[in-house]
Each structure stands twice: as C-alpha cells, then as structure tokens.
Amino acid sequence: MAQDFSQPRLERRHIRVRGVVQGVGFRPFVYRLAQTLDLSGWVRNDGDGVELEGQGLPGNLSALIARIRSEAPSLARVDSIHTRLCDADPADQGFTIRTSESGAVSTTIGHDSAVCADCLAELFEPADRRWRYPFINCTHCGPRYTITCALPYDRSNTSMATFAQCPACQREYDAPEHRRFHAEPNACADCGPQLSLLEAAGVRVATRDPIADTLLRLLTGEIVAIKGLGGFHLVCDARNPEAVERLRARKGRGGKPFAVMVANL
Ligand SMILES: [Zn+2]
Ligand SMILES: [Zn+2]
C-alpha cells in the first residue's frame, strides 16, 4: 500500500520509569507533559514503578522522555527510563491516567514530606476552605510512606481508603491543572480525618478546638501524647520544671536530653 504523506508520521512508545515515582505526583506530571506535547496514550502505576505509552510526533516523544528526566516532580527520583517502539494506533485520541496494574511489587514509595509553601498559605488563609485544617496536603507534600498499606500507591491502598472525598475534593483530584490532581491523601474538614482530644482513660473531651484545648493543658503542666503520622510524641511545656520532671519519671529517662520544639529561632 502506498504511504499516505498527507498525515504526519506517528510514533508510539512504551516507556517504563523506575525509581521513587509513586505518590509524588508523577502521573499528573506525565499527563501534563503529554498535553503540552500533543501526545495521546496513557500512564499508570504498577508494581515496578510507572509505565506509559505515548503516541505523537517522534520529536515530541523524544522531548517527553527528556523532560520526564529533567523536570520530574521535586519528591521524585528517576533511576531509569526504558523505552521501546510499539504499534501506533491512528485512532488513539487523548491521554488518560489509568487505574493501577497490580502484580509483583518491586517499586518503592516516597517518604512523608513536610507541608509545602502552597499548602501552608492555604492553611492560614481564613477564606480558604482548608483554613486551619491540620491534615492538609497535595502532590508536593504530605504523608506517603506511613499511610501506605500496599503498592501500587493508590488511595485504596492507603489508610485514607475509608475517607470518601467530598465533591469539592473530588473535583480537585480530577482536575489535571490542579496540584491535587490524583493526590491520593486529598482531604478537607468535610471529608477527611478530624482532630480529637482524649482523656488518659480514652474518653473523648468535648471541645470545639482540640488544638487550643491541648495548648491550655500544656500551659497548666499536663503531659499530652500527640498522635502523629508515624507514632506518638509525648509533649510538655519545656519551661515548666515540674512537668519535665514528671515526664522524666514516667519515661524512666533520668538525664538523657529531650528534643525541644520551638516555633522559630
Ligand atoms: Zn502541599
Ligand atoms: Zn473534602
């Protein structure tokens, strides 16, 4: 059959990326690159990392591969990229994020990461819907390793699986231009985990503001166990010698220094 020169030549490549590429916004990153480079195809997590197929002009495919390496999200680490040509599908349109492929697992998950500047700005913006929401996160920050029960890294494989996203969170999760696009722990005060304060016996304290109540207790010399993502921190007011002594006695820690937290230096 004679070649049709009226159509630009399409190339399709299967691309395999290994490294720390799950839970770091990698699929949304690839999705946006594909949009920019006018490529069709798909991307998904699997037990080996991230795999994708891209189809478009050969130069754009080369640019995709180069930019996957040079522009990867800040929390990602690309160890290797392997590509091979596959059959182009002239009818293929659009680029999609597919559900994960399960199977043998040999990839790794990123570490938990401190809140990013964008989330911090939202956290202290009274007009923001996540104002003072302590479990704020996005694809650039938040928990990863400590909430992951199994790989591939999908919400259903994390401790967030029991929290169904509210419509507003779901819209962010589904919006390619949003930094919470496919952010697996995405949550807000309406749909995500809540703070609670318990007495030592485990009875919930009726309070509208667990943080303010906790602060008050610390200032009056109480010891509080704060459950974080990776375990408990026992805290007291470091300026209160009696409280520090009581904590030493309870911990059986006579002279070894404690860690001290300060808001700033
Ligand atoms: Zn963030
Ligand atoms: Zn929500």
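The values are calculated or read from the model by the stated rules, or taken from the named source; none is laboratory data. What you are looking at is a predicted structure, and each value in this text was computed from that prediction instead of being measured. Ideal geometry is used to build each Cβ from the backbone, glycine not excepted, and the neighbour counts take in all protein chains shown.
General observations
- Any hit, the stretch 238-251, residues being surrounded by 12 or more Cβ atoms within 10 Å (Cβ to Cβ), within 19 Å of the chain's Cα centre (by Cα), among the hydrophobic types (A, V, I, L, M, F, W, C) and modelled with pLDDT of 95 or more: no
- Given (1) surrounded by fewer than 14 Cβ atoms within 10 Å (Cβ to Cβ); (2) away from ligand 2 (no atom under 16 Å from the Cβ), index of the condition residue 194 fails: (2)
- All told, residue 208 meets the bar of being basic (Lys, Arg), modelled with pLDDT under 95 and not in a helix (DSSP H, G or I).
- If you filter the stretch 112-138 down to residues that are more than 16 Å from ligand 2 (Cβ to nearest atom) and buried (at least 16 other Cβ atoms within 10 Å of the Cβ), you find that the one that is farthest from residue 185 (Cα to Cα) is 116.
- For beta carbons closer than 6 Å, sequence separation of 6+ or different chains, a first residue in the stretch 59-88 that is closer than 13 Å to residue 110 by Cβ and a second that is part of a loop (DSSP other than H, G, I, E, B) and of a type in the set (A, V, I, L, M, F, W, C), the qualifying pairs are 73/24; 75/24; 76/21; 76/24; 78/72.
- Scanning the stretch 157-187 for residues that are within 14 Å of ligand 2 (Cβ to nearest atom) and not in a loop (DSSP other than H, G, I, E, B) yields 167, 168, 169, 170, 171, 172, 173, 174.
- Residue in the stretch 166-188 that is nearest to residue 33 (Cα to Cα), counting only those that are without any contact (Cβ under 8 Å) to a residue 60 or more places away in the chain and more than 16 Å from ligand 1 (Cβ to nearest atom): 174
- For residue 102: the one exception among (1) at pLDDT below 95; (2) within 16 Å of ligand 1 (Cβ to nearest atom): (2)
- Single residue of the stretch 165-188 satisfying the filter (modelled with pLDDT of 95 or more and of a type in the set (A, V, I, L, M)) that is surrounded by the most Cβ atoms within 10 Å (Cβ to Cβ): 187
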